[in-house]
Amino acid sequence: MGVPQIKFGTEGWRGVIADDFTVANVRLVVHAIARHLQEAQPPGTGILVAYDCRAQSEVFADAAAKVLSHYGFPVWITPRPVSSPAAAHAVITRKMQGAVIFTASHNPPIFHGIKFKPHYGGAALTDITDSIERHLHALLPDYERYTEPLEGDAPAEPKSLDPVPDYLEGLHQFIRLDELHESGYRIVTDAMHGSAAGYLKAVLTRLGLEVHALREERNPYFGGVNPEPIAENLQPLIHAVRHLKADIGIATDGDGDRIGAVDEHGNFVDSHRIFAITLRHLVEQRGWRGEVVKTFSVSQMIDRLCAHYNLPLITVPIGFKHICERMLKEDVLMGGEESGGIGITRYMLERDGAMMGLMLLEAMAMSGRTLSQLVEDVFAITGAFFYHRIDAHFEREQMPMLRQKLKTLVLQQVLETPVAQRDDMDGIKHILEDGSWLLLRASGTEPVVRIYAEAQTPERARHLAEEGHYILKQLVGGE
């Protein structure tokens, strides 16, 4: 067997099931995590092993638990799939040294992955993933030894721990309940066959609200739709909201840390608007303040809201770990990314789709406004902004050349509009003289270049993204 190429990206390591993501390679990676923990000696006691609804999740989790137990760590393993936020909540409340979570989040079903959550419950920072990779590389010369099943008895068998009840109670305590209890909202939820299935329904029915839950059953193929809560993947939710005349639809992704929403008219509400609505709500209704952190691909609405409320704004590269790093060091109110991952520091240093769905409901109830009206309230402050994204797929062998060409890409104009500024913080963003922008960013783990665009009309945003796709085809010599 050849030695694999294993690299930790912004969300841990991901690979294709039965190709590079195998039980053998999982053992190797977990040996490296265990050695990092031995060296770093973070505060807390024990490790949680958790997993999502993907194929072979239990098998990978069992292999990881045995390796961690072999190193003498007290190990708890979940008896069922749980969301990443639920696992992170357990790490924090039970004062553990961390969690090993088997999930590939929103990625297609052929992928699986490992996330490591340190003792603070948020994303692993770069120094932690660098340490794990360093230990991993040290193990590679003895690859066969560290990929084989361990012989002999571990110091202690892993114990079972279901973190969900305590997590749901934490959600219940964080949200302002009185207004929600009296709202009478009709709500549709969509778990997208992911590991947050049942969470929102459990909290909301406890408040006496009417909840219709979609795609709650486990399906490792996610019904043929990638479990990412974007408009094209949420047609069942959109149809249900319209058919049931519901007040809101709330979707969570494959491991429950991202959110998408649908308003009372059945219109998709993207993560930029959810971020903006929540920021305005926290300032105006809860009276909270602090620094706001957004990733490089997030809307200008956040910039304008921060200017309006006189809040400091920090822009960081894409990946929630950059937001989490800021949360650990500064007085951060909240942070968010384009992909639907949004976190509020006073709740947890981690994204949580279910919590954000409840926060939207709280914003509606406390203001007496519908979700579409809350969007218009934001626009009244910021002006209207519309966003479009295209995931451009290429052959894996084309990606090194594309990444290299993107580094030196300099456009003078896009769609006949002059470029005012070029920013290469993470990918290449061209900001045009009319305030619109186009961002091209190659994925670090998939043969994909993501094209992001924002403009003052939906048509303009779509045309900008399509122009970005055309530019990429030209770079690879396509028609």
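The values are calculated or read from the model by the stated rules, or taken from the named source; none is laboratory data. The model shown is predicted, which means the values in this text are computed figures rather than measured ones. In this analysis, Cβ positions are derived from the backbone assuming ideal geometry, glycine residues included, and neighbour counts consider all displayed protein chains.
Residue pairs whose Cβ atoms lie under 6 Å apart, separated by 6 or more positions or on different chains, with the first residue in the range 451-470 and outside any helix (DSSP H, G or I) and modelled with pLDDT of 95 or more and the second among the charged types (D, E, K, R) and surrounded by 15 or more Cβ atoms within 10 Å (Cβ to Cβ), are Tyr452/Arg389.
Quick one: is Ala61 closer than 29 Å to Glu217 by Cβ and either more than 24 Å from the chain's Cα centre (by Cα) or in a helix (DSSP H, G or I) (or both)? Quick ask: steps written out before the conclusion?
Values: closer than 29 Å to Glu217 by Cβ: yes; either more than 24 Å from the chain's Cα centre (by Cα) or in a helix (DSSP H, G or I) (or both): yes.
When the stated conditions are applied, Ala61 passes them.
Could you please find all residues in the range 1-59 being of a type in the set (Lys, Arg) and surrounded by 18 or more Cβ atoms within 10 Å (Cβ to Cβ)? Correct list: Arg14, Arg27, Arg35, Arg54.
Tell me whether the range 100-119 contains one or more residues that are farther than 16 Å from Gly9 by Cα and touching a Cys at 6+ places or on another chain (Cβ under 8 Å). So that I can check it myself, show each step before the final result.
So in the range 100-119, the residues farther than 16 Å from Gly9 by Cα come out as 108-110, 119.
Still in the list and also touching a Cys at 6+ places or on another chain (Cβ under 8 Å): none.
Within the range 100-119 (the criterion being farther than 16 Å from Gly9 by Cα and touching a Cys at 6+ places or on another chain (Cβ under 8 Å)), the answer is no, since none of the residues qualifies.
For the range 342-428, the strands (runs of 3 or more DSSP E) that sit wholly inside it and include 2 or more residues that are touching a His at 6+ places or on another chain (Cβ under 6 Å) are 386-393, 417-423.
Annotation: of all residues in the range 329-340 being at pLDDT 95 or above and assigned to a loop (DSSP other than H, G, I, E, B), the one that is nearest to Phe386 (Cα to Cα) is Glu337.
Per the listing Val283, Val292, the residue uniquely surrounded by fewer than 22 Cβ atoms within 10 Å (Cβ to Cβ), within 15 Å of Thr345 (Cβ to Cβ) and in contact with a strand residue (DSSP E or B) (Cβ under 9 Å, 6 or more places away or on another chain) is Val283. Filtering the range 429-447 to residues that are without any contact (Cβ under 8 Å) to a residue 60 or more places away in the chain, out of contact with any Phe, Trp or Tyr (no Cβ under 8 Å at 6 or more places or on another chain), part of a loop (DSSP other than H, G, I, E, B) and not charged (D, E, K, R) leaves Ser436, Ser443.
Matching residues to (1) at pLDDT 95 or above; (2) among the hydrophobic types (A, V, I, L, M, F, W, C); (3) out of contact with any Gly (no Cβ under 7 Å at 6 or more places or on another chain); (4) within 18 Å of Val262 (Cβ to Cβ):
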site	(1), (2), (3), (4)
Leu360	yes, yes, yes, yes
Ala365	yes, yes, yes, yes
Arg369	yes, no, yes, yes
Ala380	yes, yes, yes, no
Ala384	yes, yes, yes, no
Val419	yes, yes, yes, no
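Within the range 146-175, residues that are among the polar types (S, T, N, Q) reach partners that are at pLDDT below 90 with beta carbons closer than 9 Å, at six or more positions or on different chains, in the pairs Thr147/Met1. Could you check the range 205-236 and list, in sequence order, the residues that are touching a residue at least 60 places away in the same chain (Cβ under 8 Å) and under 13 Å from Ala354 (Cβ atoms)? Matches in the range 205-236: Pro229 only.
From the list His137, His106, His89, pick out the single residue that is in a loop (DSSP other than H, G, I, E, B) and either out of contact with any His (no Cβ under 7 Å at 6 or more places or on another chain) or polar (S, T, N, Q) (or both).
On the way: His137 fails: in a loop (DSSP other than H, G, I, E, B); His89 fails: in a loop (DSSP other than H, G, I, E, B).
Exactly one residue qualifies, and that residue is His106.
Scanning the range 125-137 for any residue that is farther than 20 Å from Gly319 by Cβ and surrounded by 13 or more Cβ atoms within 10 Å (Cβ to Cβ) turns up at least one such residue.
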